[in-house]
Amino acid sequence: MFEIEYEFREEDLVHFNELQLKNNIEIQKSIRKNRLFVPAIMLLIGVFYYVYYGDMMTTVYITVLSIGWAVVSPYTMKMDMRRQFLERYSEQDKKDMFGRHTLTIEHDHLAEKSPGGKHRTLWKDMLRVDYLENYVHIFIDLDSAIVIPVDTMKRGSLEQFADQAESMIDRLS
């Protein structure tokens, strides 16, 4: 029976949601469109001002504004998305989610003890284990996972735990 203990923080939740967005093709397409399409329209308006009115200063202002938009908009969108991630959860949800978690591998399920209580998830209901540089994700659904940050490990061997969890998922699903 393998057991690990770790701390789950707000930044870990934001990391997982950003990773999900990075893999979402539609949202990435929308971000690219916002980053390129809006400045292109603004540049066309600037060219129109220069050609039609001969107003060089307005053209320069519009050009600088469009370049600024192309550079700054991804960062402002990212900050807004982070805010939206955290607004999805009530204060009680956050209290139940953030804090010390203990995961235990048992014969037919994964037992989780968290500030929100005790939960058991059957191995057959889990999809996979993903290994990242600073995290291990145990996917329960396509868009939800148990996120284990490497930095906040308190007890146990994460490598052995993740290997054992992966073999249990493969064997019992």
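The values are calculated or read from the model by the stated rules, or taken from the named source; none is laboratory data. A quick note: this is a predicted structure, and the numbers were derived from the prediction, not measured. A quick note on method: Cβ atoms are made from the backbone with ideal geometry, for glycine too, and the neighbour counts reach across all protein chains shown.
If we scan segment 23-35, do we find a residue that is surrounded by 13 or more Cβ atoms within 10 Å (Cβ to Cβ) and of a type in the set (D, E, K, R)?
Within segment 23-35 (the criterion being surrounded by 13 or more Cβ atoms within 10 Å (Cβ to Cβ) and of a type in the set (D, E, K, R)), the answer is yes, since at least one residue qualifies.
Which of the residues spanning segment 135-157 are among the small types (Gly, Ala, Ser) and in contact (Cβ under 8 Å) with a residue 24 or more places away in the chain? Let's see the steps before the verdict.
Looking only at segment 135-157, we keep the residues that are among the small types (Gly, Ala, Ser), and these are 144-145, 156-157.
Those that are among the small types (Gly, Ala, Ser) and in contact (Cβ under 8 Å) with a residue 24 or more places away in the chain: Ala145, Gly156, Ser157.
So Tyr135 passes all but one of these: (1) at pLDDT below 90; (2) under 30 Å from Glu166 (Cα atoms); (3) crowded, with 16+ Cβ neighbours inside 10 Å. Which condition number does it fail?
Here Tyr135 clears every test but (1).
Tell me, which strands (runs of 3 or more DSSP E) lie completely within segment 91-169 with 2 or more residues that are more than 14 Å from Phe8 (Cα to Cα) and within 16 Å of the chain's Cα centre (by Cα)?
128-131, 135-141
Can you tell me how many residues within segment 86-115 are crowded, with 16+ Cβ neighbours inside 10 Å and of a type outside the set (Val, Ile, Thr)?
8
How many residues does segment 21-44 hold that are under 15 Å from the mean Cα position of the chain (by Cα) and under 13 Å from Lys78 (Cα atoms)?
4
Against the definition (more than 30 Å from Phe161 (Cα to Cα) and touching a helix residue (DSSP H, G or I) at 6+ places or on another chain (Cβ under 9 Å)), how does Val60 come out, yes or no? Step through it out loud before you land on a result.
Working: more than 30 Å from Phe161 (Cα to Cα): yes; touching a helix residue (DSSP H, G or I) at 6+ places or on another chain (Cβ under 9 Å): yes.
Criteria met by Val60.
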